[in-house]
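Chemist: The structure under discussion is supplied below as structure tokens; questions concerning it will follow.
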């Protein structure tokens with residue numbers, strides 16, 4: 001699912017993490033809209049352990065600032081003047097870049113071709129602007145660690161494409177532990193993750209608390225020996241836990 005040396009895809013959605021760090025995560029924001037840059041800056045600057053060190057209004061300025069400031073994470077809009085976000089991504093993180101930066105592509109446009117090109121160009125993330133402040137913060141923290149991520153709104157399509165490529169119900173023997181390792185409630189959670197539900201949506205559908213959902217997710221990760229949410233979803237699809245729509 002990913003090229004050698006690349007991190008596995010991670011949907012960052014309220015997964016438990018330790019946010020304490022000796023030094024802050026340094027972020028560069030690139031977007032041609034003043035209001036978007038201001039909004040992102042206010043959200044991120046209010047978080048402990050995150051520092052916005054620069055802003056760029058076009059792609060060329062983003063590349064210049066990124067190369068000079070060496071931020072931990074670059075948030076890059078797709079549609080910008082001079083250089084678009086996909087071109088910026090290739091210049092900062094693409095094949096052949098000696099010291100690639102962690103780039104998260106942020107866009108209003110929910111299009112698969114943008115997602116594919118961003119990931120091929122070296123991005124460690126693809127986030128929709130309407131994903132919400134909580135996901136934005138978690139995305140920045142994950143990207144700083146080198147984890148890749150996909151916005152919840154596009155994750156279901158990504159997983160269904162994967163199922164199309166490998167065929168439905170590939171067989172549990174090829175994908176790890178049998179379903180019996182999970183409790184019935186954990187299976188309920190895993191199936192909903194595979195359908196692209198957020199933690200809050202899972203909590204609402206199962207009539208449980210958000211904290212309980214997070215506990216189930218942590219237990220599922222341990223029992224399945226997977227690293228993240230997308231791998232939980234992949235297991236659910238490939239082991240036949242989720243029927244095709």
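Chemist: Provide the packing ranking of 133-144, 61-72, 201-212, i.e. peptides ordered by the mean count of other C-beta atoms within 10 Å per residue, highest first. Spell out each step's value before the answer.
Modeler: Working: 133-144: 21.7, 61-72: 17.8, 201-212: 14.6.
In descending order of packing, they fall as 133-144, 61-72, 201-212.
Chemist: Here's a follow-up. What order do you get for 151, 45 when you list them from fewest to most C-beta neighbours inside 10 Å?
Modeler: Going from least to most buried by this count: 45, 151.
Chemist: Say R0 is 22 Å: what FRET efficiency, to the nearest 0.05, do residue 38 and residue 108 get from their beta-carbon distance? Provide the component values of the computation, followed by the final result.
Modeler: On the way: r = 16 Å, r/R0 = 0.73.
Once rounded, the FRET efficiency stands at 0.85.
Chemist: May I ask you to compute the full-extension gain from residue 68 to residue 46, defined as 0.36 nm times their residue separation minus their alpha-carbon distance, rounded to one decimal in nm?
Modeler: On the way: separation 22, 0.36 × 22 = 7.92 nm, distance 2.46 nm.
That works out to 5.5 nm of additional length.
Chemist: Applying a 10 Å radius around every beta-carbon, put 29-41, 187-199 in order of their mean neighbour count, most first. Don't jump to the answer; show the numbers that get you there.
Modeler: Numbers: 29-41: 17.8, 187-199: 22.2.
Ranking, from highest mean packing down: 187-199, 29-41.
A short reminder: the numbers here are calculations on the coordinates, not readings from a lab. If you're wondering where the values come from, they're calculated on a predicted model, not measured in any experiment. Every residue, glycine among them, receives a Cβ derived from its backbone with ideal geometry; neighbour counts consider all protein chains shown.
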